[in-house]
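**Student:** So that we are looking at the same thing, I have put the structure below in structure tokens.
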Amino acid sequence: MTSESALGEHVLELGAGPGAGTAELRRLAPRITSIEYSHAFAARLASRKQDAPTAVVRGDASMLPFADSSFSAAVAILMLHHLQSSELQNRAFAEIRRVLKPGGVFLAFEIQDGWLQRAIHRHSTFVPVCPASMPALLSAAGFARVTVDIRFGGFRLRARREFERG
């Protein structure tokens, strides 16, 4: 299976920031929509020349401005800990599930809590996400097949929006 087929045709990039992951996502999927909370980051990212169809939206991951079942995949890289509370993180999980198509995948990479991460984030929001709690939190948001893979420096999440049975 190629990376493109794994991500599908339209990927939602959550918390694009300065766009460090956007170029790689453009290489892996035919269409990208990037959402960024910071007006400055969103404006800079939108002003870049894009090789593939890419839209940049200024918005909040806990209140996604997209229709239900809009995306084949959602990707959040080093973003979840920037949400201002665990309640907003949980709301974001529910929103991500809502905007994914049935069969769509949510992929994330996060850092773990620690003194170094707290020092780095001294002047910004840092609400750590506990890897051990992620299966229950994502399942509560409606995801299935949740996996957590702890790596040096952080952990990877993978979850799927299942097809509805009817």
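The values are calculated or read from the model by the stated rules, or taken from the named source; none is laboratory data. All values reported here derive from a predicted model rather than from experimental measurement. No Cβ is skipped: glycine too gets one built from the backbone with ideal geometry, and neighbour counts run over all protein chains shown.
**Student:** Say whether the condition of being without any contact (Cβ under 8 Å) to a residue 12 or more places away in the chain, acidic (D, E) and either out of contact with any helix residue (DSSP H, G or I) (no Cβ under 8 Å at 6 or more places or on another chain) or over 28 Å from R118 (Cβ atoms) (or both) is met by at least one residue in segment 42-53.
**Tutor:** no
**Student:** Within segment 111-134, can one find any residue that is assigned to a strand (DSSP E or B), modelled with pLDDT under 95 and not basic (K, R)?
**Tutor:** No, because not a single residue in segment 111-134 is assigned to a strand (DSSP E or B), modelled with pLDDT under 95 and not basic (K, R).
**Student:** Being touching a strand residue (DSSP E or B) at 6+ places or on another chain (Cβ under 9 Å), surrounded by 12 or more Cβ atoms within 10 Å (Cβ to Cβ), among the hydrophobic types (A, V, I, L, M, F, W, C) and under 16 Å from G153 (Cα atoms) is the filter here, so list the residues in segment 127-139 that pass it.
**Tutor:** If the condition is that a residue be touching a strand residue (DSSP E or B) at 6+ places or on another chain (Cβ under 9 Å), surrounded by 12 or more Cβ atoms within 10 Å (Cβ to Cβ), among the hydrophobic types (A, V, I, L, M, F, W, C) and under 16 Å from G153 (Cα atoms), then V129 is the only one that fits.
**Student:** Report, by residue number, each residue of segment 89-110 that is among the small types (G, A, S) and either surrounded by 15 or more Cβ atoms within 10 Å (Cβ to Cβ) or part of a helix (DSSP H, G or I) (or both).
**Tutor:** A92, A94, G104, A108
**Student:** Inside segment 116-166, can you point out the residues that are within 24 Å of G104 (Cα to Cα) and of a type in the set (S, T, N, Q)?
**Tutor:** Residues satisfying the conditions are S133, S139, T147.
**Student:** Residues to consider are S62, S86, S124; find the one that is touching a residue at least 12 places away in the same chain (Cβ under 8 Å), crowded, with 16+ Cβ neighbours inside 10 Å and at negative phi.
**Tutor:** When all the criteria are applied, what remains is S62.
**Student:** Go through (1) at pLDDT 95 or above; (2) closer than 18 Å to L12 by Cβ one by one and return the number of the condition P53 breaks.
**Tutor:** Checking P53 against (1) at pLDDT 95 or above; (2) closer than 18 Å to L12 by Cβ, the one that fails is (1).
**Student:** For F66, only one of the following conditions fails: (1) under 24 Å from V127 (Cβ atoms); (2) in contact with a strand residue (DSSP E or B) (Cβ under 6 Å, 6 or more places away or on another chain); (3) at pLDDT 95 or above. What is its number?
**Tutor:** Among (1) under 24 Å from V127 (Cβ atoms); (2) in contact with a strand residue (DSSP E or B) (Cβ under 6 Å, 6 or more places away or on another chain); (3) at pLDDT 95 or above, the lone unmet condition for F66 is (2).
**Student:** Another question, then. Consider G15 carefully, then state whether it is surrounded by fewer than 21 Cβ atoms within 10 Å (Cβ to Cβ) and modelled with pLDDT of 90 or more.
**Tutor:** no
**Student:** Can you list residue pairs whose Cβ atoms sit under 6 Å apart, with the first residue in segment 135-163 being in contact (Cβ under 8 Å) with a residue 40 or more places away in the chain and the second being part of a loop (DSSP other than H, G, I, E, B)? Count only pairs 6 or more apart in sequence or on different chains.
**Tutor:** G154/I111; A159/F143
**Student:** Any chance you could count how many residues in segment 23-42 are in contact with a strand residue (DSSP E or B) (Cβ under 9 Å, 6 or more places away or on another chain) and not in a loop (DSSP other than H, G, I, E, B)?
**Tutor:** Number satisfying all stated conditions: 12.
**Student:** Kindly indicate whether any position in segment 100-115 is of a type in the set (G, A, S), out of contact with any helix residue (DSSP H, G or I) (no Cβ under 9 Å at 6 or more places or on another chain) and under 18 Å from M134 (Cα atoms).
**Tutor:** There is at least one residue in segment 100-115 that is of a type in the set (G, A, S), out of contact with any helix residue (DSSP H, G or I) (no Cβ under 9 Å at 6 or more places or on another chain) and under 18 Å from M134 (Cα atoms).
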